[in-house]
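What follows is a short report on a single structure.
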Amino acid sequence: CIGRESSRVYNTDYAAHILGRVSKFSDTAERDALNAPYNAAREAGEDTSGYHYYQMDDVVGRDGVEQAFESYLCGLEGRRLVYTNEEGKITGEVYSQDPEPGKTVVLTIDIDFQTEVEEALKEAVLAMNAADGLETRGAAAAVVSVKDSDVLALATYPTYSQRTYQEDFAANMEDPGHPFVNRALDGTYAPGSTIKPATAVAGIGSGVITTSSTIRCLGRYMYYYIPNSPASYTPACWLYNQSGGSHGPLSVSHAIYHSCNYFFYEVGRLVGISAMDEYYTAFALGQPTGIEIPERTGTLAGPAYSASQGQPWYDGNTLQAAIGQSDNTFTPLQLANYIATLVRGGDRYAAHLLKSVRSYDDREVLYTYEPEVLSTVEMDEGTLEAVKKGMYDLATKNASGSRYFNNCVVTAGAKTGSAQTG
């Protein structure tokens, strides 16, 4: 017996977590959920010719963009209504509708760039493992366009190949590095000092500092010092912990460049957690980015979250939240899109993977994604330039940071973060 069926073929070992996979239904509930639009239209007496009616042996998207864009990719089945004789031979045709192939989905991902990012991430992780003797370490990278939040690359390591998914499944499930976890979207981590540009915007926007204000770093922050009291809280700047030193008087640009904890402790105390969280939320930290595939939102530190965990909120927690610690946990994509929002001047777009939808034969553009401003973080040009100045100096003047940007072909800025994760 000769039959014919189609199969999904992946021509790359990269972007596995983005592409996702396809398989047949595992139960009727999954099938019924996808058939809900068809059934609703049918019950309403509407035309159902534009809906695909799923059968149990259909192959559908299971995760990634295969699942997110299933409605574009699935196509429509053909139909024929015919007369047959007693022997089953067709004697006439009443109605015929040709099948319609699925559409072509164009992603924002540049596969060559995606490949470079994945390889660079792998190389860096393996080098770190070799340096300190660790066998397993996870890492992620998220790259979005400052112009419109196109997602250009999402990398996670360790990863896997869609081409050998079934053959490698058992080994990948047992791998302590958890290659099936998409750390760029599902990994939530303390942002550390990468949050300081947002704290700076909150400080200036709230009026507690200006772009020219100076705060003197004394090394150890003594505002909550209580002599001979166990309740005394005196967190220190990283420089004080490292060498007993201090940064001295700093403007906001210098504070970002030096990543001075003391400066941002003071800003956090003056702004307060409620106003800080308003700015963090405006940057969509701890919020959905809008990407079309599943993501975790992480947590935004504050009294509300602490109360939900049955914990009190202390003034010291505000200081830690201002430098990206406390309960703050965000995804790499959230951090990337927050910086894109900041650098473009405060207009926040959804991070997205869909660029356009084209006909199966690629002759016609059926849909083109148009970025939409979801919200705006209010900041004036002076605030933006002061924050960007600190990030630019870090990428060009800082000894430890500039070496990564020596051969950069565009003007670059950066903010490092070393978070305590327990």
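When the residues of the range 210-240 are filtered to those that are closer than 30 Å to residue 381 by Cβ and either of a type in the set (A, V, I, L, M) or in a loop (DSSP other than H, G, I, E, B) (or both), the one that is least open to solvent (accessible area, probe 1.4 Å) is 237.
The residue list 97, 114, 67 contains one member that is closer than 26 Å to residue 336 by Cβ and modelled with pLDDT under 95, which is 67.
From the residues in the range 324-336 that are assigned to a helix (DSSP H, G or I) and open to solvent by less than 10 Å² (accessible area, probe 1.4 Å), which one is farthest from residue 150 (Cα to Cα)? Across the range 324-336, the extreme among qualifying residues is 334. Scanning the range 370-398 for residues that are assigned to a helix (DSSP H, G or I) and of a type in the set (Ser, Thr, Tyr) yields a count of 3. If you go through the range 386-410 and pick out every residue that is in contact (Cβ under 8 Å) with a residue 24 or more places away in the chain and open to solvent by 40 Å² or more (accessible area, probe 1.4 Å), you end up with 3. Number of residues in the range 299-318 that are open to solvent by less than 30 Å² (accessible area, probe 1.4 Å) and in a loop (DSSP other than H, G, I, E, B): the value is 2. Each residue in the range 337-350 was checked for being of a type outside the set (Phe, Trp, Tyr) and open to solvent by 20 Å² or more (accessible area, probe 1.4 Å), and 6 of them qualify.
Of the residues making up the range 321-346, those that are more than 24 Å from residue 267 (Cβ to Cβ) and in contact with a Ser or Thr (Cβ under 6 Å, 6 or more places away or on another chain) number 2.
Residues in the range 153-194 that are β-branched (Val, Ile, Thr) and within 17 Å of the chain's Cα centre (by Cα) were compared, and the one that is nearest to residue 321 (Cα to Cα) is 194. Among the conditions (1) open to solvent by less than 90 Å² (accessible area, probe 1.4 Å); (2) within 28 Å of residue 35 (Cα to Cα), the only one that residue 85 does not satisfy is (2).
Among the residues of the range 21-35, some residue qualifies, meaning at least one is in contact with an Asp or Glu (Cβ under 9 Å, 6 or more places away or on another chain) and within 28 Å of residue 112 (Cβ to Cβ). Checked against (1) modelled with pLDDT of 95 or more; (2) in a loop (DSSP other than H, G, I, E, B); (3) open to solvent by 20 Å² or more (accessible area, probe 1.4 Å), residue 176 passes all but a single condition, namely (1).
Taking the listed residues 396, 331, 383, 341, the one that is more than 18 Å from the chain's Cα centre (by Cα), polar (S, T, N, Q) and modelled with pLDDT of 95 or more is 383, with no other qualifying. Is it the case that residue 23 is open to solvent by less than 40 Å² (accessible area, probe 1.4 Å), at pLDDT below 90, out of contact with any Ser or Thr (no Cβ under 9 Å at 6 or more places or on another chain) and within 16 Å of residue 61 (Cβ to Cβ)? It is true that residue 23 is open to solvent by less than 40 Å² (accessible area, probe 1.4 Å), at pLDDT below 90, out of contact with any Ser or Thr (no Cβ under 9 Å at 6 or more places or on another chain) and within 16 Å of residue 61 (Cβ to Cβ). Mind telling me which of the residues 145, 206, 161, 149 ends up being of a type in the set (Ser, Thr, Tyr) and over 28 Å from residue 355 (Cβ atoms)? Unique residue meeting the criteria: 206. Being assigned to a loop (DSSP other than H, G, I, E, B) and surrounded by 21 or more Cβ atoms within 10 Å (Cβ to Cβ) holds for only one residue in 284, 321, 255, and it is 284.
The values are calculated or read from the model by the stated rules, or taken from the named source; none is laboratory data. Since this is a predicted model, take the numbers as computed values, not measurements. Backbone-built Cβ (ideal geometry, glycine too); neighbour counts: all protein chains shown. All accessible areas refer to the heavy atoms of the entire protein, side chains included, with ligands and DNA or RNA removed. Shrake-Rupley method; radii C 1.70, N 1.55, O 1.52, S 1.80 Å.
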